[in-house]
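The values are calculated or read from the model by the stated rules, or taken from the named source; none is laboratory data. What you see is a predicted model; the values in this text were computed from it and never measured. Quick reminder, even Gly has a Cβ in these numbers, built from the backbone with ideal geometry, and neighbours come from all protein chains shown.
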Amino acid sequence: MSDEDLRTRAADSLEGQLLIAMPTMGDPRFERSVIFMCAHNADDGAMGLILNKRLDNLAFGDLASQLELIEDDDVPDIPINYGGPVETGRGFVLHTEDYDREATVPVGDGVKMTATVDILRAMARRDGPDRALLVLGYAGWSPGQLEEEIQRNDWLHCPSDLSLLFDVELDAMWDAAIARIGFDPALLASGAGHA
């Protein structure tokens, strides 16, 4: 593959960007979702983590106990989010660059992802990354599937930044991501075209 092909392929990738569900999204699993895109390429498809849907029925203390992360009961209150409908028992931590281990993968500008028990243990000891989102499950697309959904006006996308990822309240994240593109959500409709 030539250097130009590699540059074009990288330019077409949504890795490190946010995928935003259109108001007309018909799938309730993705309604008003904001998804951080961890991987996206023509050969393998795409993988992302829904950022703005909390799992209210699971506490970090329960998870820490099940995984025997630490021996004492002083476990921090870390929210757990629904990352998507694929492998819902598998955990991922999207976090800042200050935490870096062998299994840590860079997934965007200033953002890394770790999917090992070691990061959960570090978070339980309050020794993990400065800012992090813990999610269970992920959203996945086969090669070409996401592109078809974007063409169908199911999704918008925009650049991501640390503030939008880690500082915005979950119930305000969809509106903040839409505003970042410069649209009024009331004006978005299924026939609106592409942003």
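Is it the case that some residue within segment 159-178 is under 19 Å from residue 54 (Cβ atoms), at pLDDT 95 or above and assigned to a strand (DSSP E or B)? No.
Any chance you could count how many residues in segment 76-109 are assigned to a loop (DSSP other than H, G, I, E, B), crowded, with 17+ Cβ neighbours inside 10 Å and either over 17 Å from the mean Cα position of the chain (by Cα) or at pLDDT 95 or above (or both)?
So the count comes out to 4.
Residues are listed down the side, and each one gets a yes or a no for (1) at pLDDT 95 or above; (2) part of a strand (DSSP E or B); (3) not aromatic (Phe, Trp, Tyr):
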site	(1), (2), (3)
25	no, no, yes
28	no, no, yes
37	yes, yes, yes
43	no, no, yes
48	yes, yes, yes
52	yes, no, yes
57	no, no, yes
62	no, no, yes
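In segment 64-75, which residue that is of a type in the set (A, V, I, L, M, F, W, C) and assigned to a loop (DSSP other than H, G, I, E, B) is nearest to residue 137 (Cα to Cα)? Of everything passing the filter in segment 64-75, 67 is nearest to residue 137 (Cα to Cα). Taking residues in segment 41-60 that are in contact (Cβ under 8 Å) with a residue 60 or more places away in the chain and over 17 Å from residue 16 (Cβ atoms), and partners anywhere that are assigned to a loop (DSSP other than H, G, I, E, B) and of a type in the set (D, E, K, R), the pairs with Cβ atoms closer than 7 Å and at least 6 places apart or on different chains are 60/77.
Could you tell me whether residue 36 is closer than 30 Å to residue 148 by Cβ, touching a helix residue (DSSP H, G or I) at 6+ places or on another chain (Cβ under 9 Å) and aromatic (Phe, Trp, Tyr)? Judged against the criteria, residue 36 is a match. Among the residues of segment 128-160, those identified as within 16 Å of residue 22 (Cβ to Cβ) and charged (D, E, K, R) are 147, 148, 149, 152, 154. Restricting attention to segment 42-62 and to residues that are in contact with a helix residue (DSSP H, G or I) (Cβ under 7 Å, 6 or more places away or on another chain) and more than 19 Å from residue 164 (Cβ to Cβ), the residue that is surrounded by the most Cβ atoms within 10 Å (Cβ to Cβ) turns out to be 46.
Could you please find all residues in segment 28-41 being aliphatic (A, V, I, L, M) and surrounded by fewer than 21 Cβ atoms within 10 Å (Cβ to Cβ)?
Result: 39, single match.
Per the conditions (1) surrounded by 13 or more Cβ atoms within 10 Å (Cβ to Cβ); (2) in contact with a helix residue (DSSP H, G or I) (Cβ under 7 Å, 6 or more places away or on another chain), the sole criterion not satisfied by residue 119 is (2).
Within segment 11-23, track down each residue that is part of a loop (DSSP other than H, G, I, E, B) and within 15 Å of residue 178 (Cβ to Cβ). Those that are part of a loop (DSSP other than H, G, I, E, B) and within 15 Å of residue 178 (Cβ to Cβ): 22, 23. Taking the listed residues 133, 156, the one that is at pLDDT below 95, part of a strand (DSSP E or B) and surrounded by 15 or more Cβ atoms within 10 Å (Cβ to Cβ) is 156, with no other qualifying.
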